[in-house]
Amino acid sequence: MSEKYNNVAVITARGGSKRIPRKNIRDFMGKPMIAYAIETAKKSGLFSEIMVSTEDQEIADIARKFGASVPFMRSLNTANDIATTFDVLDEVVSQYEENGLVFDNLCCIYPCVPLLKPEHIESAYNKFSSSNDIDSLVPAVRFSFPIQRAFVADADGLLSYREPEYKNFRSQDLEPAYHDAGMFYWYRWGYFSKVKEHAVLVKTAMYEMEEKFVQDIDNQSDWDMAELKYRILKELDK
């Protein structure tokens, strides 16, 4: 753990995944999935503490095996299907403060990010920490096609442009749009006392991710694609 930085990495890993049962600790290319998030956080050298927020004892045991701490277990209120990431992080911050610990910054890292590299977290942190005007930073990836030329379908399945005023624009003339990469987030420690829900963007900066490193893992097809990307990226690193 770093003695230079007073940052905490919070890896959010509940046990109740429905679409891919136990996906946070399922074997991915030879290691439990969560191990990649823990090892990436460690290799970044940015954290004085790397903790896992979970209500699941097996996940906690595996997290500790790979070098993370589990200083307290997640409550059942934030381990259900309707709890948001903000709810989980707000609870973590409150629990740390009750225990007399305060950090400068918090980085939430999701547990299923095997394509994430330490340099992504480092570069994002450098951008985040270089401005006192930023309260949070979100990794984002550009939509592969201009969303201004999206189709919508009516009840009969017939297509029309969602924004017809852009139908004759060249792709390169349209403003690029981005979506949340869903991998990690940087926050000032005081962020959670300022806002009431995770979806609010309060002085939020963007760190752009390359699409090759971004992969949702919500079903088996996603899992298979993540394995394919992982193999390809490993070959490119040689």
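The values are calculated or read from the model by the stated rules, or taken from the named source; none is laboratory data. Every value quoted in this text rests on a predicted model; they were computed, and no experiment measured them. Virtual Cβ from ideal backbone geometry, glycine too; neighbours counted across all protein chains shown. The accessibility values were calculated without ligands, DNA or RNA, using every heavy atom of the protein model including side chains. Shrake-Rupley method; radii C 1.70, N 1.55, O 1.52, S 1.80 Å.
Under a Gaussian network description of the chain, with springs only between Cα atoms under 10 Å, the residue in P32, P164, P114 that fluctuates furthest is P164.
Cα centroid separation, the stretch 37-52 to the stretch 166-238: 20 Å.
Here the chain carries DSSP beta bridges of which approximately 50% are antiparallel, counting only pairs with both residues inside. The GluC sites (Glu not before Pro) of the stretch 1-90 that meet both conditions, a loop assignment by DSSP and at most 14 other Cβ atoms within 10 Å of the site Cβ, are E3. Computed over the chain, the Cα gyration tensor eigenvalues convert (square root of 5λ each) into semi-axes of 32, 22, 19 Å, ordered from largest to smallest. With one equal scatterer per alpha carbon and no solvent term, the Debye-computed log10 I(q)/I(0) for the stretch 109-238 at 0.09, 0.14, 0.22 1/Å reads -0.38, -0.85, -1.22. Springs between Cα atoms under 10 Å define the GNM used for the chain, and in it the highest mean-square fluctuation of L174, L89, L228 occurs at L174.
For the stretch 39-159, the alpha carbon positions stretch 58, 37, 28 Å along the principal axes, listed from largest to smallest.
Distance between the pseudo-spin-label points of F169 and K43 (7 Å out from Cα toward the beta carbon): 3.9 nm.
So which of K18/K212; K18/K65; K43/K212; K4/K234; K43/K238; K4/K238 end up more than 28 Å apart by C-alpha? Flagged as over cut-off: K4/K234; K4/K238. Only lysines eight or more places from K203 in sequence, or on another chain, were considered; those with a Cα closer than 24 Å are K127, K194.
If I compute solvent accessible area with a 1.4 Å probe over the protein chains, what percent of it on the chain is carbon and sulfur? The partial results should precede the final answer.
On the way: 6220 of 12700 Å².
Reported share for carbon and sulfur atoms: 49 percent.
With a cut-off of at most 15 other beta carbons within 10 Å, and DSSP calling the residue loop, which trypsin sites (Lys or Arg not before Pro) in the stretch 136-170 qualify? Please list them. Within the stretch 136-170, the qualifying trypsin sites (Lys or Arg not before Pro) (loop, at most 15 other Cβ atoms within 10 Å) are R162, K167, R170. Here, the stretch 165-238 has an Rg and a Dmax of 17.5, 47 Å when only alpha carbons are counted. Comparing K127, K212, K203 in a Gaussian network model of the chain (Cα springs below 10 Å), the most mobile by mean-square fluctuation is K203.
Apply the Debye scattering formula to the stretch 23-77, with a single equal point scatterer on each alpha-carbon and no solvent, then give log10 I(q)/I(0) at q = 0.26 Å⁻¹. With one equal scatterer per Cα and no solvent, log10 I(q)/I(0) is -1.06.
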